[in-house]
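Remarks on the structure that follows.
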Amino acid sequence: MDLTWSDEQEMLADAAAAFVRRECPPERVRAIEASDGGHDQPLWDAMAELGWCGLALPVEHGGSGRGVLEVTVLAEQLGRGAVPSPLLDSTALAALPIAWAGSDAQRARLLPALAAGRSIGTLAVLEPGMTDAWGDVSVPGGTRISGQKLLVPWAHVADVLLVASSSGLYLLEAARTAWDSVSHDAFAGEPLFAVTLLDACTEPLGSPERPAGPETTHRVLDTAAVVRLAYAVGAAEACLDLAVRHASQRVQFGRPIGTFQAVAHRCVDMRVEIDACRYLAFQAAWSLEREDRAAPLEVTAALTYARGALRRVFLDAHQVHGASGFSTESDLHLFTRRLTEFEITFASSRRHPDLLATAMGLS
Amino acid sequence: MDFAVDPADARFRDDLRALLDGTLPDWWRGMFVDDPRAIPFTREFCRALAAREWLTLAWPAEHGGAGASAWTQAVLREEMWAAEEPRGPQYMNLNYIGPLLMRYGTPTQRARFLPPMARGEVIWCQGFSEPDAGSDLASLRTRARLVEDHFLVDGTKIWTSYADAPADWCLLLARSELAADRHDGISVFLVDMTTPGISVRPIDTMAGPHEFNEVTFESVAVPRDCLLGEAGRGWELVAAGLTFERVGIARYARAARVLEHLVTHANESGQSRDPRVRARLAELRASCEAARLLAYRAVSLQARGVVPTVEASIARIHATRLEQEVGHAGLELLGPLGLLRSGDPVAPLAGEVQRHFVRNIPTTVAAGTLEIQKNIVARRGLGLPRET
Ligand SMILES: Cc1cc2nc3c(=O)[nH]c(=O)nc-3n(C[C@H](O)[C@H](O)[C@H](O)COP(=O)(O)OP(=O)(O)OC[C@H]3O[C@@H](n4cnc5c(N)ncnc54)[C@H](O)[C@@H]3O)c2cc1C
């Protein structure tokens, strides 16, 4: 047991933090968000150059063979800068599932390009009427697939699209088939799309004898949720930074507002909640990486805790900022939007507290 | 980062549980009870632990310890606190009075005071707070004047836990010099509680006896060699000591144990199928997990030789809130019968939830109030400006 970072993890975090400060300051985040499509190719190329696309992918397919824990270390730093990038989704929602459950042919065909950043992947889960990402999907699989999926991140730039269907995960490749993506009007941190599949050409993820079933979908969602939680923790840390800076500089009644305990203690509450979420995320990532028996439970505990906690954090940050935090001239909204997105897409599921309740012995 | 539990620590936990199962009497409800058997039992239990070298587990061998890791120590403190601390007040000796002696004591003091602690033979109490010096501890008025070869101590200490146990020794804070900065001039003394001039007045609490006492010192002669550390530099010792104390109690472990019992109750009463009950208990379980990890972070730093002042306060802020929430949720679950104490034959869960609730009313006050912990984190952790 040791909750401090290894030298290697520390180096990765430092490198990522330095990269984010240099390459993706808030002005660039704003510029990317305002651009057509919201995807910054030079930024993507720079991250691919650093080997981050293949961080957790197997060495034989061009990755560096590190684990989910390293992805969360990276995710936290990207979240601190609100970096708009398909990197984490491409890794957690597409590349890792292919590495875990893909057939040899699928792995050999798709992973090298994903690891090198020559292609981008994503996953489509939600459907009209679904209130929970972990709920039942109805789009059936086969060799042709039709249906509508909602809130699919980065669908417009994806080369590989995984689709959660009632029988498991299905694989679509832009090189072989087409899908239609329409941008949502969403209060979110990243581009989200409604994807319509009309008789699209597909194959099951995995070999025909061993296709990836719903349990793989759950493992993917669990992993993605933890990676996103780490990103959200980084975003929350940025909220706290902004709040502390504001509280130290803003003067009212002749003194910095941070000298008022009501303000200072709000900042401390943020500190406590962020740290709690952070170690819950790391623990869950550590267990997921080892496919530990405790993993699903630890994911569940992390998400059950984080959903209320992170909302309190960004609302506290807004309170400390006064009106200025509501203005988009402040950077706060860059983080608030991302935290909201995390909260209502990945952390809101009622599945988590209920699973935890069962696991703790409630009959 | 490594979340793996050492298999040896897992075995140690099983061994400890077996020992507790075999030795804790049915009537054991912690030491703050009106039961003459309680304190003698804690002494007996400590001797049993000491015989297995489990009492001062993490102390270095030269001081009578087993040189175990900080994590083995963490297992011990979790299992003990979960079982309502059958070591009685010994946890203070192990967690911070002993370590303070190791750090600041002279070789003679170490040789004199540590071995009896390692054998579990002495009870210490902590004489810090005074009627007019609570959170503002540096305003304390107890005076220690050097007269020839000893100090003469005069003053009143209050809220002194265990003094009526009776405690054998007191770690006493007194002003030995008047200094320009009020943090200077404070000294730490090791005071024999049988010295003439000391009187102990027990103060009843909502939770039972032994929690509180008022201790007065009238011209109490404390030999010069019972000064710990340098005269006038006691504030530094106190700061280190309070950090050790904050890391030293696994409060989340008790909360988690009470929660386990609430699960049993919810199953038996049929409330376990109520989605609101399920969600509430699950949230508390997740919060116990967070509290454990926050404590483990502080332990990780401690294991690397860092004094985790800010991290210990963060862990404590979280854990004390959790303890109170578990009590509230428990009373809601039990309903009106939640009022019944352990003495009542129909008390649900033998009055455990009631006791947990009441005992934790001042958990956000003891060992530095919630607000004081938050002030520490605000200034030292976040760098926010000081009040002027
Ligand atoms: C169960 C229990 C056991 C104890 N055992 C011992 C013991 O063994 N030995 C010992 O020496 N002491 C002991 N104490 C005393 C404990 O250390 C004090 O209660 C504590 O330091 C607070 O002091 P106080 O009670 O005088 O409250 P006060 O300091 O008077 O505080 C009252 C309220 O004012 C708030 N407040 C005070 N100053 C500030 C500030 N600057 N900013 C914001 N809010 C502030 C506090 O947070 C609190 O809410 C024990 C207390 C309890 C509850």
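The values are calculated or read from the model by the stated rules, or taken from the named source; none is laboratory data. Just so it is clear, the structure is predicted and the values come from calculations on it, not from any experiment. Counting neighbours? That spans all protein chains shown, and the Cβs are built from the backbone with ideal geometry, glycine included. These area figures cover heavy atoms from the full protein model, side chains too; ligands, DNA and RNA do not enter into them. Shrake-Rupley method; radii C 1.70, N 1.55, O 1.52, S 1.80 Å.
So here's what we get for this one:
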item	result
Complete set of residues in segment B:246-268 that are outside any loop (DSSP other than H, G, I, E, B) and more than 11 Å from every other protein chain (Cβ to nearest Cβ)	B:246, B:247, B:251, B:252, B:253, B:254, B:255, B:257, B:258
Pairs, first more than 8 Å from the ligand (Cβ to nearest atom) in segment B:155-176, second of a type in the set (Ser, Thr, Tyr) and open to solvent by 30 Å² or more (accessible area, probe 1.4 Å), C-beta under 8 Å, six or more apart	B:155/B:216; B:156/B:216; B:168/B:194
Meets criteria (surrounded by fewer than 18 Cβ atoms within 10 Å (Cβ to Cβ) and either within 14 Å of the ligand (Cβ to nearest atom) or outside the structural domain of residue B:219 (by TED's automatic domain parsing) (or both)) for residue B:145	no
Helices (runs of 4 or more DSSP H) enclosed by segment A:275-363 - at least 2 residues per element that are among the small types (Gly, Ala, Ser), touching a Ser or Thr at 6+ places or on another chain (Cβ under 6 Å) and away from chain B (no Cβ under 14 Å)	none
Restricting segment A:265-274 to residues that are in contact with an Asp or Glu (Cβ under 8 Å, 6 or more places away or on another chain) and open to solvent by 10 Å² or more (accessible area, probe 1.4 Å), the residue that is farthest from the other protein chains (Cβ to nearest Cβ)	A:266
Some residue of segment A:311-324 being over 30 Å from residue A:31 (Cβ atoms), surrounded by fewer than 22 Cβ atoms within 10 Å (Cβ to Cβ) and either modelled with pLDDT of 95 or more or touching a Cys at 6+ places or on another chain (Cβ under 6 Å) (or both)	yes
Residue satisfying all of: in segment B:148-195; among the small types (Gly, Ala, Ser) and on the phi > 0 side of the Ramachandran plot; surrounded by the fewest Cβ atoms within 10 Å (Cβ to Cβ) among these	B:185
Enumeration of residues in segment B:122-178 that are of a type in the set (Lys, Arg) and in a loop (DSSP other than H, G, I, E, B)	B:141
Residue within segment B:299-313 that is surrounded by fewer than 16 Cβ atoms within 10 Å (Cβ to Cβ), away from the ligand (no atom under 16 Å from the Cβ) and within 11 Å of another protein chain (Cβ to nearest Cβ) present	yes
All positions within segment A:152-187 that are open to solvent by 50 Å² or more (accessible area, probe 1.4 Å), closer than 19 Å to residue A:97 by Cα and at pLDDT below 95	A:166, A:167
Lone unmet requirement of (1) more than 20 Å from residue B:282 (Cα to Cα); (2) open to solvent by 40 Å² or more (accessible area, probe 1.4 Å); (3) of a type in the set (D, E, K, R) for residue B:325	(1)
Any chance residue B:151 is among the hydrophobic types (A, V, I, L, M, F, W, C), within 14 Å of the ligand (Cβ to nearest atom), away from every other protein chain (no Cβ under 14 Å) and touching a residue at least 12 places away in the same chain (Cβ under 8 Å)	no
Unmet requirement for residue A:223, which otherwise passes all of (1) open to solvent by 10 Å² or more (accessible area, probe 1.4 Å); (2) of a type in the set (Ser, Thr, Tyr); (3) touching a residue at least 40 places away in the same chain (Cβ under 8 Å)	(1)
Given (1) in contact with a Lys or Arg (Cβ under 9 Å, 6 or more places away or on another chain); (2) within 27 Å of residue B:3 (Cβ to Cβ), index of the condition residue A:72 fails	(1)
Every residue from segment B:199-245 that is in a strand (DSSP E or B) and open to solvent by less than 10 Å² (accessible area, probe 1.4 Å)	B:213, B:215, B:217, B:220, B:222, B:228
Contacts under 7 angstrom Cβ, first residue in segment B:249-268 being without any contact (Cβ under 8 Å) to a residue 12 or more places away in the chain, partner outside any helix (DSSP H, G or I) and buried (at least 17 other Cβ atoms within 10 Å of the Cβ), 6 or more apart	B:267/A:362
Residue list for segment A:305-330, filter: in contact (Cβ under 8 Å) with a residue 12 or more places away in the chain and under 18 Å from residue B:280 (Cα atoms)	A:305, A:306, A:307, A:309, A:310, A:311, A:312
Residue match in segment B:357-364 (condition: of a type in the set (Lys, Arg), more than 14 Å from chain A (Cβ to nearest Cβ) and out of contact with any strand residue (DSSP E or B) (no Cβ under 6 Å at 6 or more places or on another chain))	yes
Matching residues, segment B:333-388, being of a type in the set (Asp, Glu) and either within 14 Å of the ligand (Cβ to nearest atom) or open to solvent by 60 Å² or more (accessible area, probe 1.4 Å) (or both)	B:371, B:387
Residues (within 15 Å of the ligand (Cβ to nearest atom) and either within 14 Å of chain A (Cβ to nearest Cβ) or farther than 28 Å from residue B:36 by Cα (or both)) located in segment B:184-211	B:186, B:188, B:189
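Okay, residues lined up against (1) in contact with a Ser or Thr (Cβ under 6 Å, 6 or more places away or on another chain); (2) not charged (D, E, K, R):
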site: A:44; (1), (2): no, yes
site: A:51; (1), (2): yes, yes
site: A:57; (1), (2): no, yes
site: A:76; (1), (2): no, no
site: A:81; (1), (2): no, yes
site: A:84; (1), (2): no, yes
site: A:88; (1), (2): no, yes
site: A:91; (1), (2): no, yes
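One line per residue, one yes/no per condition, for (1) open to solvent by 10 Å² or more (accessible area, probe 1.4 Å); (2) under 24 Å from the mean Cα position of the chain (by Cα); (3) of a type in the set (Asp, Glu); (4) within 24 Å of residue A:75 (Cα to Cα):
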position	(1), (2), (3), (4)
A:327	yes, no, no, no
A:330	yes, yes, no, yes
A:333	yes, yes, no, yes
A:342	no, yes, no, yes
A:352	no, yes, no, yes
A:356	no, yes, no, no
A:359	yes, no, no, no
